[in-house]
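Below: one structure, written as structure tokens.
The values are calculated or read from the model by the stated rules, or taken from the named source; none is laboratory data. Bear in mind the structure is a predicted one, so any value in this text is a computation, not a measurement. Here the Cβ positions follow ideal geometry from the backbone for every residue, glycine too, while neighbour counts run over all protein chains shown. Protein only, heavy atoms only, side chains kept; ligands, DNA and RNA dropped before computing areas. Shrake-Rupley method; radii C 1.70, N 1.55, O 1.52, S 1.80 Å.
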Amino acid sequence: MLKIGITGSIGAGKSFVGALLRARNFQVLDADCKVHELYRDSAGLRAEMAAYFGEECLTPTGVNSALIADRVFADAKARVKLEQIVYPYLNLAVANFFAEDAGNDADCPKESATQLTRVADKCRFVEAALFSRAPELVKMLDEIWIVDAPECVRLERLVLRGLSESDAKRRIENQRGACAPELFPGKRIRTVMNDGDKLHVEQQLDELLRDLH
Ligand SMILES: CC(C)(COP(=O)(O)OP(=O)(O)OC[C@H]1O[C@@H](n2cnc3c(N)ncnc32)[C@H](O)[C@@H]1O)[C@@H](O)C(=O)NCCC(=O)NCCS
Ligand SMILES: Nc1ncnc2c1ncn2[C@@H]1O[C@H](COP(=O)(O)OP(=O)(O)OP(=O)(O)O)[C@@H](O)[C@H]1O
């Protein structure tokens, strides 16, 4: 099975691309969502988070994101520590996602097995902003698709999505350069330019998907 990473800076549109792929029957794991699920469900991760950030960082359904974000986006040492704590759990979750049985679609009528659904069985996607800080994750991937958009467009989208302008700018700074293609030597790199409307992205995606046939 082909394992493809979708990356790009905050607000570039990784989740937007992920949603378009899901609509085309592809399985896509969203690393941000997975991390929040692990904060809720993994006793080991919760214990490590409490040991470093204090019991007050935990909530019954996960962690206090605002509290942790304030700390780690203002202090690079704390951010690196957070990543060291979280990534081993995330790596395992991603490995399990790639290893999961695709399921038996014998119930599907033959005529519904279009060319696209057959391709969907042959590859899976993981979207994450910071592959370059997670080499174990990169090792699992065959290709990396980089979603890109100008910084002013990204900032505008993040503010529209509800982040304060200062928080959005801090996060942009905290990952500057982290998605550059040269950080992924040996991987096949594809780019999706998301600076226009949905149709513009769909056309690029469909071309990339055709290439996988
Ligand atoms: C700091 C946390 C608690 C903030 O939670 P919040 O719900 O506000 O944001 P969310 O998790 O949805 O992330 C939104 C975006 O913030 C950016 N971001 C998240 N973590 C980081 C980081 N370590 N460095 C730089 N940017 C980051 C990414 O672009 C991410 O897509 C959370 O992001 C976290 O636990 N981060 C550590 C894990 C991580 O590095 N995840 C990102 C890649 S997998
Ligand atoms: N082409 C587009 N047209 C209109 N809105 C878009 C487009 N691309 C993205 N958006 C919107 O911009 C916001 C940011 O996009 P998205 O959440 O996909 O970015 P991201 O790269 O996943 O960011 P993060 O790193 O925070 O997960 C979302 O609200 C999304 O719906």
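Some observations on this one:
- Separation of the M1 and D101 label points, Cα + 7 Å toward Cβ, nm: 1.2 nm
- Length-normalised contact order for the chain - Cα pairs under 8 Å, 6+ apart - percent: 36 percent
- With R₀ set to 22 Å, the beta-carbon distance separating C152 from R22 gives a calculated FRET efficiency near 0.20.
- Qualifying lysines (Cα of each under 26 Å from Cα of K198; at least 8 residues distant if same chain): K3, K14, K34, K122, K169
- The chain: angle of helix 151-160 to the longest principal axis, Cα-based, in degrees nearest 10: 80 degrees
- Efficiency of FRET between E182 and L67 - r from beta-carbon atoms, R0 35 angstrom, step 0.05: 0.50
- Distances between placed amide hydrogens fall under 5 Å for C123 paired with L2, all partners being 5 or more residues away or on another chain.
- Summing charges over neighbours of A134, with a neighbour being any other residue whose Cβ is under 15 Å away from its Cβ, gives +3 when K and R count +1 and D and E count -1.
- Charge sum, other residues only, whose C-beta stays under 13 Å from L158's C-beta, Lys/Arg counted +1 and Asp/Glu -1: +2
- Assuming charge only on the beta carbon of Lys and Arg (+1) and of Asp and Glu (-1), the dipole of the range 2-212 about its Cα centre is about 340 debye to the nearest 20.
- Average 1/r across all pairs of distinct alpha carbons in the range 2-212, invert it, and you get the Kirkwood radius: 18.4 Å.
- Cβ-derived FRET efficiency at R0 22 Å, L160 paired with E56, nearest 0.05: 0.10
- The chain: antiparallel DSSP beta bridges as a percent of all, rounded to 5: 10 percent
- For the range 2-212: accessible area per residue (Å², 1.4 Å): 53 Å²
- Across D30, D148, D197, mean-square fluctuation computed from a Gaussian network of the chain (C-alpha pairs under 10 Å connected) peaks at D197.
- Cα-only Debye scattering, the range 30-77: base-10 log of I(q)/I(0) at q = 0.14, 0.33 Å⁻¹: -0.32, -1.26
- Across all Cα pairs in the range 165-213, the calculated P(r) in 10 Å bins from zero up to the longest distance comes to 20, 31, 38, 10, 1 percent per bin.
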